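Engineer: Here it is, the structure, as structure tokens.
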Amino acid sequence: MGASAVYPGSFDPPTLGHVSLVERGLAVFDKIIVAVARNPEKGALFTVDERVGLLKESLGGFPEGRIEIDLFEGLTVEYARSRGAGAILRGLRATSDFEYEFRMAMMNRHLEKGIQSVFLMADHQWFYISSSTVKEAASLGADISDLVPEPVARRLRGKFPARRLAQGPASR
């Protein structure tokens, strides 16, 4: 183990894939700063304060002092530098993630050579989920309780009251 890492993202909403990445990241780093990006143009379902609260509830079972939840805006690498982190932790699900993350890592490396990008592959059971797909499924009435921490499932149910699926044409 060593140093600290910043795990940035929108976390709108946090998923079990995010929780898994934090858990696995703690095997590599002494501390992980889960940094919620403030991005007003992104049109988030949950406010940044709601996302911070959901992350605190969802990550509350980890050892004291090893996880911190914070807000940031601007360049991730500048935030990581300001926090004294030696790495930016990112998860990869598919080759499309790799291409985007590779470009970001190279730009971050150009801006700050002292901060490394560290990538962990998503666990197989979370490989297909993203915050976007979870929100879409929840908005259409799907049960997403096995994809997100319980506090998130509860809040999503509040945002998207259960919908009845169409029964089709009535029998005559």
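The values are calculated or read from the model by the stated rules, or taken from the named source; none is laboratory data. All values reported here derive from a predicted model rather than from experimental measurement. FYI the Cβ positions are ideal-geometry reconstructions off the backbone, even for glycines, and counts take in every protein chain you see.
Engineer: It is to be established whether one or more residues within the stretch 110-126 are on the phi < 0 side of the Ramachandran plot, in a loop (DSSP other than H, G, I, E, B) and of a type in the set (Phe, Trp, Tyr).
Structural biologist: No: the stretch 110-126 contains no residue that is on the phi < 0 side of the Ramachandran plot, in a loop (DSSP other than H, G, I, E, B) and of a type in the set (Phe, Trp, Tyr).
Engineer: A further question follows. Within the set of pairs 6+ apart or on separate chains, which have a first residue in the stretch 43-59 that is in contact (Cβ under 8 Å) with a residue 24 or more places away in the chain, a second that is small (Gly, Ala, Ser) and surrounded by 19 or more Cβ atoms within 10 Å (Cβ to Cβ), and C-beta atoms under 8 Å apart?
Structural biologist: That search, which allows pairs on different chains as well, returns Arg51/Ala44.
Engineer: How many residues are touching a helix residue (DSSP H, G or I) at 6+ places or on another chain (Cβ under 9 Å) and hydroxyl-bearing (Ser, Thr, Tyr) if we restrict to the stretch 86-127?
Structural biologist: 1
Engineer: Under 8 Å between Cβ atoms, which residue pairs at least 6 apart in sequence (or on different chains) link something in the stretch 125-138 that is of a type in the set (D, E, K, R) with a partner that is at pLDDT 90 or above and surrounded by 13 or more Cβ atoms within 10 Å (Cβ to Cβ)?
Structural biologist: As it stands, the answer is Lys135/Asp12; Lys135/Pro13; Lys135/Leu45; Lys135/Leu156, since those pairs meet every condition given.
Engineer: Something else: Looking only at the stretch 19-42, how many residues end up being of a type outside the set (Val, Ile, Thr) and without any contact (Cβ under 8 Å) to a residue 40 or more places away in the chain?
Structural biologist: 10
Engineer: Can you work out which of the residues in the stretch 1-60 that are charged (D, E, K, R) and touching a Ser or Thr at 6+ places or on another chain (Cβ under 9 Å) is surrounded by the most Cβ atoms within 10 Å (Cβ to Cβ)?
Structural biologist: Arg51
Engineer: Oh, and also: Just for the stretch 79-105: of the residues that are in a helix (DSSP H, G or I), touching a residue at least 12 places away in the same chain (Cβ under 8 Å) and out of contact with any strand residue (DSSP E or B) (no Cβ under 6 Å at 6 or more places or on another chain), which one is nearest to Ala5 (Cα to Cα)?
Structural biologist: Applying the filter and picking the extreme gives Arg81.
Engineer: Which condition from (1) surrounded by fewer than 16 Cβ atoms within 10 Å (Cβ to Cβ); (2) under 21 Å from Ser20 (Cβ atoms); (3) more than 17 Å from the chain's Cα centre (by Cα) is the one that Tyr100 breaks?
Structural biologist: (3)
Engineer: Scan the stretch 114-130 for residues that are under 22 Å from Lys31 (Cβ atoms) and either exposed (fewer than 13 other Cβ atoms within 10 Å of the Cβ) or within 17 Å of the chain's Cα centre (by Cα) (or both) and jot them down.
Structural biologist: Once the filter is applied, which keeps residues that are under 22 Å from Lys31 (Cβ atoms) and either exposed (fewer than 13 other Cβ atoms within 10 Å of the Cβ) or within 17 Å of the chain's Cα centre (by Cα) (or both), the stretch 114-130 yields Gly114, Ser117, Val118, Phe119, Leu120, Met121, Ala122, Asp123.
Engineer: Here are Leu55, Leu71: which of them is part of a strand (DSSP E or B), at pLDDT 95 or above and of a type outside the set (Val, Ile, Thr)?
Structural biologist: Leu71
Engineer: Just one of (1) part of a helix (DSSP H, G or I); (2) free of Cβ contacts under 8 Å to residues at least 12 places away in the same chain; (3) under 23 Å from Gly84 (Cα atoms) trips up Glu64, so point out which.
Structural biologist: (1)
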